[in-house]
Amino acid sequence: MKTIEEINERIGKGEAVVVTAEEILDIVKEKGAKKTAQLVDVVTTATFGPMCSSGIYFNIGHPKPRIKLGGGKVTLNKVSCYPGFAASDLFLGASSLPEEDPRNQIYPGEFRYGGGHLIQELVEGKDLILEATTYDTDCYPRKYLKTYINIKDLNEAVLFNLRNCYQNYNVAVNASSHVIYTYMGVLKPNLGNANYSTCGKLNPLLNDPYYKTIGIGTKIFLAGTCGFVAWWGTQHNPCVERTEKGIPKFPAGTLALIGNLKEMSSHWLRGVSIYGYGVSLSVGVGIPIPI
C-alpha cells in the first residue's frame, strides 16, 4: 500500500498516475482492484451545481473620512449585503436580492438578479456600486458612502460555502394536481416528472463514503483555484442508514469550503436564477482521493 508521502513524491517527480472517478471504473474492470491500486495514485472527483448556501466575505478598506459599516445598511448594485461585522467587513450571500425585486408577488417570480450574479460579476472584474448608510461615531464620523468597488481594489475577498458536495440527495416529485416551483426546479403535477441533482460516479463523498481521505484541511479545486475543506458543512448527517458498501440511503455528509475569490474564474462560479424560487450560485469543486 502506498503512503501519502510516497504519492506526493511521485507527484513532485511528475510520475504520478491520476485518473478521474469515471475512468477508474473501466481500469478496475480490466485489471482488477488490487492491480489498479498499485498502478493508480490519485482519483479525481468533482461536482458543479447550484448551492444556495454560498457567499463571500470581503474588506473594502477605509475611505476618508472613515465610515462604520457595521450596524448600518449596505447594498451592492442594490443587492443587500450583511454589515454585522466591523467597520469595513461585509458578507454577501448567494441568495440575497435587491429590495425592489418583486419576489413571488408576481408568481412565479423570475429572480433575474441577486447575490449569485453579483459574485460572478465581481470575479469577472466588473465595477459594482456600493452604497452604505449608517450612524456616526467619534472615530467613524461618516454616515453615507456611495462608491464603485472592484475586486482588484479589495483588501481581501473570500468565497465560503457553508455547505457543498452533498453525499447523497433526494429526488423531487410532485403528487399534487398543480405545478409547483422549487429549488429542485419546476415539478409537474401528478408525478409528471422527477428532478434530481447529482454528479453520480464523480461525487466526492460517494467515492469516500466514510471520509477517510476527505476532511478538514483537504486541499481542493474550488472555482478555478486552490481551496480547502474548512469544516464539515451545515446539515452534515453521517449517521444515516447505509448500504453494505457504505453508500448512504439518505442525504448525509456535506463539506464547508473556502478559497480566495480573487484567484477564481467565473467559468466555475455562475449566478443562477431559479424560476419561482430565488437566486443561487453554481460552484465548481474538484477533490482528489489518494489510492
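Note on residue 262: lysines with a C-alpha under 26 Å away, same-chain residues under 8 apart excluded, are 64, 68, 73, 78, 126, 146, 152, 219.
Within a straight-line Cα-Cα reach of under 19 Å, residue 2 can be paired with the following aspartates and glutamates, leaving aside sequence neighbours fewer than 8 residues apart in one chain: 15, 41, 208.
Kindly identify the chain as rounded, prolate or oblate by the Cα gyration tensor criterion: order the square roots of the eigenvalues as a ≥ b ≥ c, call it rounded if a/c is under 1.5, otherwise compare a/b with b/c, prolate if a/b is larger, else oblate. Judged from the Cα gyration tensor, the chain comes out oblate (a/c at least 1.5, b/c at or above a/b).
Phi-derived couplings, Karplus 6.51 cos²θ - 1.76 cosθ + 1.60 at θ = phi - 60°, listed residue by residue for region 252-264: 10, x, 9, 10, 9, 10, 9, x, 7, 4, 5, 9, 8 Hz, with x used for Gly and Pro.
Potential lengthening of the chain between residue 201 and residue 172 amounts to 8.4 nm, from the contour at 0.36 nm per residue minus the alpha-carbon distance.
When you filter the GluC sites (Glu not before Pro) in region 8-40 for DSSP loop state and at most 10 other Cβ atoms inside 10 Å of their Cβ, you are left with 15. Projecting the Cα positions of 62, 93, 122 onto the charge dipole of region 54-157 (unit charges on Cβ atoms of Lys, Arg, Asp and Glu, taken about the Cα centre) puts 62 furthest along the positive direction. Placing a pseudo-label 7 Å from each Cα along the Cα-to-Cβ vector at residue 193 and residue 219 gives an inter-label distance of 4.2 nm.
So what is the 222 nm mean residue ellipticity for the chain from helices alone, if each DSSP H run of at least 4 adds -39500 (n - 2.57) and you divide by all residues, rounding to the nearest 500 deg cm²/dmol?
-3500 deg cm²/dmol
Read-outs throughout are calculated quantities, based only on the coordinates presented, and are distinct from any laboratory measurement. Note that the coordinates shown come from a computational prediction; the quantities given were computed from them, not determined experimentally. Quick reminder, even Gly has a Cβ in these numbers, built from the backbone with ideal geometry, and neighbours come from all protein chains shown.
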